[in-house]
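Student: Please read through the structure below; I'll follow up with questions.
The values are calculated or read from the model by the stated rules, or taken from the named source; none is laboratory data. Everything numeric in this text was worked out from a predicted model, so none of it was measured. Note that we place each Cβ from the backbone using ideal geometry, even for glycine, and neighbour counts take in every protein chain shown. Surface areas here come from the heavy atoms of the whole protein model, side chains and all, with no ligands, DNA or RNA. Shrake-Rupley method; radii C 1.70, N 1.55, O 1.52, S 1.80 Å.
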Amino acid sequence: MIAQIKPRELADLIANGENLYLVDVRQPWENEHCRIANSVLIPLNELIEHMGEIDPPEGAKIVVYCHHGIRSLTGATLIQQAGFQNVASLSGGIDAWSKQIDPKVPLY
């Protein structure tokens, strides 16, 4: 079972300087349109072959996000199955992030 984190919870963790590693599993064009700062892009369809590129700092919480929170659940599951600990999916994705936390992040 993958944990889900709400946008407000993630915003609070970021504001408090928590040890986080954000993974965007959307497509490159989506990432170019908008993103959460300091995230790494590994599209879901490339995640398995690029799993070795996931390199969170020691003890970091890995938060996976997408557009609405569906692809990120799959991505978080794959990352967890690869042996990573403390993995969560952003509930509602970057869409919810824009609506609840940062309206400067454009909707699409």
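Student: Above 22 Å lies some portion of the pair distances; for region 1-99, what is it as a whole percent of all C-alpha pairs? Could you put the intermediate results ahead of the total?
Tutor: Values: 860 of 4851 pairs.
Percent of Cα pairs beyond 22 Å in region 1-99: 18.
Student: Please express the shape of region 1-49 as an equivalent ellipsoid: the semi-axes are the square roots of 5 times the eigenvalues of the C-alpha gyration tensor, given largest first in whole angstrom.
Tutor: Values: eigenvalues 90, 39, 19 Å².
Working from the Cα gyration tensor, I get semi-axes of 21, 14, 10 Å.
Student: Also, I was wondering about something else. Ignoring everything but the protein chains, give the 1.4 Å probe accessible area of S91 in square angstrom, nearest 10.
Tutor: Roll a 1.4 Å probe over it and S91 shows about 40 Å².
Student: Determine the calculated [θ] at 222 nm for the chain from helices alone, applying -39500 (n - 2.57) to every DSSP H run no shorter than 4 residues and normalising by the residue count; nearest 500 deg cm²/dmol.
Tutor: Working: 4 runs with 34 residues, N = 108.
One gets -8500 deg cm²/dmol as the mean residue ellipticity at 222 nm.
Student: Please give every one of the aspartates and glutamates within straight-line cross-link reach of K104, meaning a C-alpha to C-alpha distance under 16 Å, and leave out same-chain neighbours fewer than 8 residues apart.
Tutor: The reachable aspartates and glutamates, counting only those whose Cα sits under 16 Å from K104, are E30, E32, D95.
Student: Could you calculate the FRET efficiency of D12 with N45 from 1/(1 + (r/R0)^6), where r is the beta carbon distance between them and R0 is 35 Å, rounded to 0.05?
Tutor: 0.65
Student: For region 9-104, what does the accessible surface come to per residue with a 1.4 Å probe? Please give it in Å².
Tutor: Values: 4990 Å² over 96 residues.
It amounts to 52 Å² per residue over region 9-104.
Student: How long is the gain from Q4 to T74 if the chain were fully straight, where each residue apart is worth 0.36 nm and the alpha carbon distance is subtracted? Present the calculation step by step, with values, prior to reporting the outcome.
Tutor: Numbers: separation 70, 0.36 × 70 = 25.20 nm, distance 1.19 nm.
Between Q4 and T74, full extension yields 24.0 nm more.
Student: So which lysines pass the test for K6, namely a Cα distance under 18 Å, with those fewer than 8 places away in the same chain ruled out?
Tutor: K61, K99
Student: Need one value: the accessible area of R8 in square angstrom, 1.4 angstrom probe, rounded to the nearest 10.
Tutor: Per-residue accessible area (R8): approximately 120 Å².
Student: Ok, one more. If I compute solvent accessible area with a 1.4 Å probe over the protein chains, what percent of it on region 3-108 is carbon and sulfur? All intermediate terms of the calculation are to be shown ahead of the outcome.
Tutor: On the way: 2810 of 5640 Å².
Within region 3-108, the accessible surface is 50 percent carbon and sulfur.
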